[in-house]
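Colleague: This is the structure I have questions about; it appears just below.
The numbers here are math on the coordinates, done by the rules we state, and not lab data. All values reported here derive from a predicted model rather than from experimental measurement. Note: ideal-geometry Cβ built from the backbone for every residue, glycine included; neighbour counts use all protein chains shown.
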Amino acid sequence: MKRNTWQREAVREALATNEGFVSAQSLHNELRDHGSSIGLATVYRALADLATEGDADSLQSPDGEALYRACTTSGHHHHLICRRCGLTVEIAADDVEQWAQRVASDHGFTDARHVVDVFGLCATCSLAS
């Protein structure tokens, strides 16, 4: 476990104030707007560490950008994410879990891991379309 520095704690707190997923660049801008001198590289490192330790969820946006969010559920889970507003719902996906294990096993793989994030429009954004 990495030691808790003021920079890491600042990133953790800023991440917790956001409801959806945010980029490191957005979080860095937010921190700077509030007077922090933290560097962008430090924000990237802190976010990567938080994700590795399970304190933050990480995913890749449809554009390929890494996005982060304070994790509210411990353990393996998946997300439904609104492409427009960023609303995120953590979901269990037992069918996906069984399918992933079966496919891995059928091909001789063990210790299979996967990430499933479903992007769409939430009910509110669907109505606004």
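Colleague: Yes or no: Gly108 within 21 Å of Glu13 (Cα to Cα) and in a loop (DSSP other than H, G, I, E, B)?
Modeller: On the way: within 21 Å of Glu13 (Cα to Cα): no; in a loop (DSSP other than H, G, I, E, B): yes.
For Gly108, the condition - within 21 Å of Glu13 (Cα to Cα) and in a loop (DSSP other than H, G, I, E, B) - is not met.
Colleague: Moving on to the next point. Taking the options Arg32, Arg69, Arg102, Arg113, name whichever one is in a loop (DSSP other than H, G, I, E, B) and among the basic types (Lys, Arg).
Modeller: On the way: Arg32 fails: in a loop (DSSP other than H, G, I, E, B); Arg69 fails: in a loop (DSSP other than H, G, I, E, B); Arg102 fails: in a loop (DSSP other than H, G, I, E, B).
So the residue among Arg32, Arg69, Arg102, Arg113 that is in a loop (DSSP other than H, G, I, E, B) and among the basic types (Lys, Arg) is Arg113.
Colleague: Here is a follow-up. So how many residues does the stretch 39-93 have that are touching a residue at least 40 places away in the same chain (Cβ under 8 Å) and β-branched (Val, Ile, Thr)?
Modeller: The number of residues fulfilling the criteria is 2.
Colleague: List the pairs whose first member sits in the stretch 104-119 and is at positive phi, whose second member is surrounded by 11 or more Cβ atoms within 10 Å (Cβ to Cβ), and whose Cβ atoms are under 9 Å apart, counting only residues at least 6 apart or on separate chains?
Modeller: From the stretch 104-119, the pairs are Asp111/Ala104.
Colleague: Just to be sure, is Thr52 loosely packed, with under 15 Cβ neighbours inside 10 Å, out of contact with any Cys (no Cβ under 8 Å at 6 or more places or on another chain) and among the polar types (S, T, N, Q)?
Modeller: Values: loosely packed, with under 15 Cβ neighbours inside 10 Å: yes; out of contact with any Cys (no Cβ under 8 Å at 6 or more places or on another chain): yes; among the polar types (S, T, N, Q): yes.
So Thr52 fits the description; yes.
Colleague: Can you tell me which residue among Ser105, Ser58, Ser26, Ser74 is out of contact with any Phe, Trp or Tyr (no Cβ under 9 Å at 6 or more places or on another chain), surrounded by 14 or more Cβ atoms within 10 Å (Cβ to Cβ) and of a type in the set (Ser, Thr, Tyr)? Give the steps one after another, and end with the answer.
Modeller: Working: Ser105 fails: surrounded by 14 or more Cβ atoms within 10 Å (Cβ to Cβ); Ser58 fails: out of contact with any Phe, Trp or Tyr (no Cβ under 9 Å at 6 or more places or on another chain); Ser74 fails: surrounded by 14 or more Cβ atoms within 10 Å (Cβ to Cβ).
Of Ser105, Ser58, Ser26, Ser74, the one residue that is out of contact with any Phe, Trp or Tyr (no Cβ under 9 Å at 6 or more places or on another chain), surrounded by 14 or more Cβ atoms within 10 Å (Cβ to Cβ) and of a type in the set (Ser, Thr, Tyr) is Ser26.
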